[in-house]
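Worksheet: one structure, shown below.
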Amino acid sequence: MSVLSVVGGQWGDEGKGKVVDLLAGRADVVARYQGGANAGHTVVVDGKQFILHLIPTGILHPDVRCIIGSGVVVDPIALVEEIEQLRASGIEVGSNLVIGKRAHMIMPYHKVIDAHMEELLGVNRIGTTGRGIGPAYSDKAARLGVRVCDLYDEKVLSERVRVSLAIKKRLLSGITLSREELEAFEEDHIMEVCGQVREILKPLVRNTDAEILEAITSGKQILLEGAQGILLDLDMGTYPYVTSSNTGVGGALSGLGMPLGKVDTIIAIMKAYCTRVGQGPFPSELHGDEGERLRAEGGEYGATTGRPRRCGWFDAVAARHAIQVTGADAIVVTKLDVLDNQETIRVCIGYEMNGERITIFPAEATILERCVPVYEDFPGWLAPTAGARSLDDLPERAREYIGHLERIIGKPVWIISTGPGRGDTIEIHNPFSVPEERKV
Ligand code: GDP
Ligand code: IMO
Ligand code: MG
């Protein structure tokens, strides 16, 4: 039995989809525990691209059981669409997918509120994905949420929707809504939307906390698939420019109802450089031509919204923070091949503010915004690494770069990804084969 937690080690889009797909081949169960359809996890199998938003990436492996845990905020319409799209591409989705009864649902009004909140924030906007994530988690915390289990008790559902909408209408009374938006706040419309998905989802709805316990006690290999990244974590990220869930292993424990002490190994996925979508501080961001070049070579456009990603050098201060707060045992470095044409590769090893050196990742976004990166420079390898499958395939300078990252962040690199495909991978250590002594 082994439980492996895969978390994003930066601001999301680190290549979790690619890595989870690789490791899901060795898993019995793959579980999503937080976030929602804001995620976009890309997998390329035999040249064919799949982007998973709500469904665990393990779905591409027919023998894997996929769990959407209670900590996920489920947009039922988006879920049904994703199921249909996967089926249309020949992927089996049936009894291999289960959805937590306790999971909260994203309703049409959450998306309308998400959009208007951003508008009201103006220059302070977060740059959300617009998927209704923040408003749905807000409702959950405010005890105004609607859960998957409510779909199957129409009386409870209509009562919960009625109360939630009545409060929202009062709170939103100063906002002018379009006719289409107004519909999202009509109880009849919401009940109709719920009616459309009720029977389709019914066979998939389960007590997923019991399923997880059963998988653990029967000695299954379980992979916990994080969405977003630790720098977008509600508590440990660059607040307020974060998502509304706990993206690390803490989120996995609460979002799946996992008993403490069962997680064997935690790996954090990090690109060989950094990207960020949306607003918020990013000290090692490259502006102008250098940033454009990384974006072009890395194909850095959002998998969910298509927005251009902001690009910059690897930030070791942020990486050390990520390792500290996730408890990662090791890291996976992705997109090494994107640096193939760089004459010089920079790593941000510290920050400076007002002439003072900062080595701890600041809690204050306002301070982080003023931090000037301090770089250590390494010579590029100027040779192709794309598709490399063993360390011996890498140019010496590329191997040295990985060694420098290990030294600077103080954790081993277990896997290096050299392309989007399943096979474009150098595996130094199999994260599923870690000895029993490591427990959280
Ligand atoms: P996720 O959200 O963490 O799963 O990452 P995304 O799927 O949003 O973004 C990662 C992008 O990089 C996707 O387009 C992947 O196909 C691609 N990708 C992943 N690993 C590699 C790699 O090692 N090299 C290259 N060139 N592309 C990669
Ligand atoms: P994956 O799982 C990158 C960002 C948004 C925004 C902030 C809040 O593919 O790595 P939200 O819609 O969650 O309220 O937006 O978080 N964001 C992501 N950035 N990858 C993601 O997911 C993201 N999910 C949310 O751009 O800055
Ligand atoms: Mg993504």
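The values are calculated or read from the model by the stated rules, or taken from the named source; none is laboratory data. Note that the coordinates shown come from a computational prediction; the quantities given were computed from them, not determined experimentally. Note that we place each Cβ from the backbone using ideal geometry, even for glycine, and neighbour counts take in every protein chain shown. These accessible areas exclude ligands, DNA and RNA; they are computed on the full protein's heavy atoms, side chains included. Shrake-Rupley method; radii C 1.70, N 1.55, O 1.52, S 1.80 Å.
Of all residue pairs spaced 6 or more apart or on separate chains, those with beta-carbon atoms under 9 Å, a first member in the stretch 156-167 that is in contact (Cβ under 8 Å) with a residue 12 or more places away in the chain and a second member that is of a type in the set (Lys, Arg) and open to solvent by 60 Å² or more (accessible area, probe 1.4 Å) are 160/147. Report whether or not residue 112 is surrounded by 15 or more Cβ atoms within 10 Å (Cβ to Cβ) and either part of a loop (DSSP other than H, G, I, E, B) or modelled with pLDDT of 95 or more (or both). Criteria met by residue 112.
Of all residue pairs spaced 6 or more apart or on separate chains, those with beta-carbon atoms under 6 Å, a first member in the stretch 5-27 that is within 9 Å of residue 226 (Cβ to Cβ) and a second member that is assigned to a loop (DSSP other than H, G, I, E, B) and aliphatic (A, V, I, L, M) are 5/263. Residue check: residue 15 meets all listed conditions (1) open to solvent by 10 Å² or more (accessible area, probe 1.4 Å); (2) away from ligand 3 (no atom under 11 Å from the Cβ) but one, namely (2). One residue stands out among those in the stretch 144-161 that are closer than 18 Å to residue 70 by Cβ and among the acidic types (Asp, Glu): the one that is most open to solvent (accessible area, probe 1.4 Å), which is 153.
So for the stretch 343-350 (the condition being over 24 Å from the mean Cα position of the chain (by Cα), more than 26 Å from residue 426 (Cβ to Cβ) and open to solvent by less than 30 Å² (accessible area, probe 1.4 Å)), does at least one residue qualify? Looking for residues that are over 24 Å from the mean Cα position of the chain (by Cα), more than 26 Å from residue 426 (Cβ to Cβ) and open to solvent by less than 30 Å² (accessible area, probe 1.4 Å), one finds at least one in the stretch 343-350, hence yes. Among the residues of the stretch 248-265, just one is out of contact with any Leu (no Cβ under 8 Å at 6 or more places or on another chain) and within 19 Å of residue 333 (Cα to Cα), namely 248. Going through (1) buried (at least 24 other Cβ atoms within 10 Å of the Cβ); (2) not assigned by TED's automatic domain parsing to the domain that holds residue 417 one by one, residue 250 falls short only on (1).
Just checking, which of 59, 83 is part of a helix (DSSP H, G or I) and over 17 Å from the mean Cα position of the chain (by Cα)?
83
Within the stretch 13-38, if we keep just the residues that are near ligand 2 (Cβ under 10 Å from one of its atoms) and in contact with a Lys or Arg (Cβ under 8 Å, 6 or more places away or on another chain), the residue that is nearest to residue 73 (Cα to Cα) turns out to be 36.
State whether one or more residues within the stretch 140-151 are closer than 20 Å to residue 232 by Cα and touching a strand residue (DSSP E or B) at 6+ places or on another chain (Cβ under 9 Å).
There is at least one residue in the stretch 140-151 that is closer than 20 Å to residue 232 by Cα and touching a strand residue (DSSP E or B) at 6+ places or on another chain (Cβ under 9 Å).
Taking the stretch 381-405, which residues are surrounded by 15 or more Cβ atoms within 10 Å (Cβ to Cβ) and under 29 Å from residue 238 (Cβ atoms)? 401, 402, 404, 405 - these are the residues of the stretch 381-405 that are surrounded by 15 or more Cβ atoms within 10 Å (Cβ to Cβ) and under 29 Å from residue 238 (Cβ atoms). Report, by residue number, each residue of the stretch 285-304 that is within 16 Å of ligand 3 (Cβ to nearest atom) and either of a type outside the set (Ser, Thr, Tyr) or open to solvent by 40 Å² or more (accessible area, probe 1.4 Å) (or both). Answer for the stretch 285-304, where residues must be within 16 Å of ligand 3 (Cβ to nearest atom) and either of a type outside the set (Ser, Thr, Tyr) or open to solvent by 40 Å² or more (accessible area, probe 1.4 Å) (or both): 295, 298, 299, 300, 301, 302, 303. Residues considered: 280, 229. Of these, the only one that is in the same structural domain as residue 339 (by TED's automatic domain parsing), within 9 Å of ligand 2 (Cβ to nearest atom) and buried (at least 21 other Cβ atoms within 10 Å of the Cβ) is 280. When residue 170 is tested against (1) part of a helix (DSSP H, G or I); (2) in contact (Cβ under 8 Å) with a residue 24 or more places away in the chain; (3) open to solvent by 80 Å² or more (accessible area, probe 1.4 Å), only condition (2) is not met.
Does residue 244 fit the bill of being within 11 Å of ligand 2 (Cβ to nearest atom), open to solvent by 10 Å² or more (accessible area, probe 1.4 Å) and of a type in the set (S, T, N, Q)? Spell out how you get there, then give the answer.
Numbers: within 11 Å of ligand 2 (Cβ to nearest atom): yes; open to solvent by 10 Å² or more (accessible area, probe 1.4 Å): yes; of a type in the set (S, T, N, Q): yes.
Considered against the rule, which asks whether it is within 11 Å of ligand 2 (Cβ to nearest atom), open to solvent by 10 Å² or more (accessible area, probe 1.4 Å) and of a type in the set (S, T, N, Q), residue 244 comes out as yes.
Filtering 263, 338, 325 for residues that are away from ligand 2 (no atom under 14 Å from the Cβ), in contact (Cβ under 8 Å) with a residue 40 or more places away in the chain, within 19 Å of the chain's Cα centre (by Cα) and not in a loop (DSSP other than H, G, I, E, B) leaves a single hit, 325.
Just one of the listed residues (141, 136, 78) is open to solvent by 20 Å² or more (accessible area, probe 1.4 Å), under 15 Å from residue 245 (Cβ atoms) and of a type in the set (A, V, I, L, M), and it is 141. The single condition among (1) open to solvent by 10 Å² or more (accessible area, probe 1.4 Å); (2) in contact with a helix residue (DSSP H, G or I) (Cβ under 6 Å, 6 or more places away or on another chain) that residue 267 does not satisfy is (1).
Considering only residues that are aliphatic (A, V, I, L, M) and assigned to a loop (DSSP other than H, G, I, E, B), which ones fall in the stretch 268-291?
Matches in the stretch 268-291: 272, 277, 286.
Looking at residue 53, is it assigned by TED's automatic domain parsing to the domain that holds residue 151 and either without any contact (Cβ under 8 Å) to a residue 40 or more places away in the chain or open to solvent by 10 Å² or more (accessible area, probe 1.4 Å) (or both)? For residue 53, the condition - assigned by TED's automatic domain parsing to the domain that holds residue 151 and either without any contact (Cβ under 8 Å) to a residue 40 or more places away in the chain or open to solvent by 10 Å² or more (accessible area, probe 1.4 Å) (or both) - is not met.
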